[in-house]
Amino acid sequence: MDSIAHRAAVTAASALLATLAFGAGPAPAFPTYCDVNINTSWCGNGENHAFVSNQASYTTDSTNVWVCQRLLYADTQTVVPNSNCNYNLTSQTYSGFFQSEAEVAQTSGVSRVIRGYATT
Amino acid sequence: MRRHGIFTTRRARSAIAISLCATAAGSAVAAAQLAGSDTADPEQRPNAELTAIQTAQSEDFAVLRGDAGSAATLSPAATALLSRVLTGDVGASAALARYARTGVDGEARYVVPGRGWICLVSDAGRGGCNRTAAVVEGYGMGAYRTGAGTVLEGVVPDGVSAVEVVGDGAASAQVSVQANVWTASVTFTPTAVRWIGADAVVHEVPVGPVPAPGGPPPSG
């Protein structure tokens, strides 16, 4: 059955779920982002902002994890200069004069929760 | 899904909801963090700024005792890094920061204590932090790529006079430590950093992959 009423019910249910997940209105994805398990991968959410800082951190436990942060120029694969890595927490300030996407990574070989924190 | 070199890009759009929940939880405990504790939790931002060097920091790092380096006047970029992120993250204190040295890249390096953490900050606005106990073991280390190679930097405890950066094959470079801080610029791919501690034990800390340097902004 694929009646108009059925489709409307599905749409309404989807809207309700979206509201429960993100709250009313557009959901701000920053300053905190990623914060999920990743492994030898870059993690971001693809939003474009004029970032003035970006940070990657691993603080779940006292394990020393090599984490990296970078910006990509908006909607490109070009890495903005000044990406960097450090054990457990690495940060960099940026000019904020351009639109970019913020990403974080870790390369320990084991899936770990890495938190990104980017400010505008 | 996009791929970038050795890393595989995975857009974690579902993390939005998780992030919102984490942010809300963080706000709930912010007051407790602002009250101050010996060890900051970056996930419970904002943390209160450290007001006095901790014993665990001063007993292993001369630069934080005032026995090495000098009082720091932070650059605008370093100040911005602390105020935007590192003070709230780990309680890093600009007032307690110490100038350690100028690195091989010409950037000044400051050692900045936080609540249970030690940060190495450059006047270019780059910083890395780790827990004090980890820094004592040599894990207060970071790296970035340049067009010519890789610049590495780190904080080591008292009694370490030199650090060796090793790479694939027989590649290596030895650099001196000044005020607990070392920096190195290498053209080979670094894989580990070694040093002999005051305990006469050889410490070896692996170096992970470092992202390739950026290109110019796209035109148009």
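Every number in this text was worked out from the coordinates using simple rules, so none of it is lab data. Fair warning: this is a prediction, and the values are worked out from it, not measured in the lab. Methodologically, a virtual Cβ is constructed for each residue, glycine included, from the backbone with ideal geometry; neighbour enumeration extends over all protein chains shown.
Some notes on this structure:
- Average beta carbon contacts from partner chains per residue of B:42-48, 10 Å cutoff: 3
- Per-residue 3J(HN,Hα) values for segment B:166-174, derived from phi via the Karplus relation 6.51 cos²θ - 1.76 cosθ + 1.60 with θ = phi - 60°, read 10, x, 4, x, 9, 5, 6, 8, 10 Hz in sequence order (x marks Gly and Pro).
- Highest mean packing first, where packing is the average number of other Cβ atoms within 10 Å per residue, the peptides B:95-104, B:136-145, B:77-86, A:58-67 line up as B:136-145, B:77-86, B:95-104, A:58-67.
- With the charge dipole of segment B:118-220 set up from +1 on Lys and Arg Cβ and -1 on Asp and Glu Cβ about the Cα centre, the Cα lying farthest toward the positive end among the listed residues B:196, B:162, B:181 is that of B:181.
- Counting only other chain Cβ atoms within 10 Å of each residue's Cβ, the peptide B:111-119 averages 1.
- Evaluated at q = 0.12, 0.13, 0.16 Å⁻¹, a Debye calculation over the C-alpha positions of segment B:115-220 (equal weights, vacuum) places log10 I(q)/I(0) at -0.41, -0.48, -0.70.
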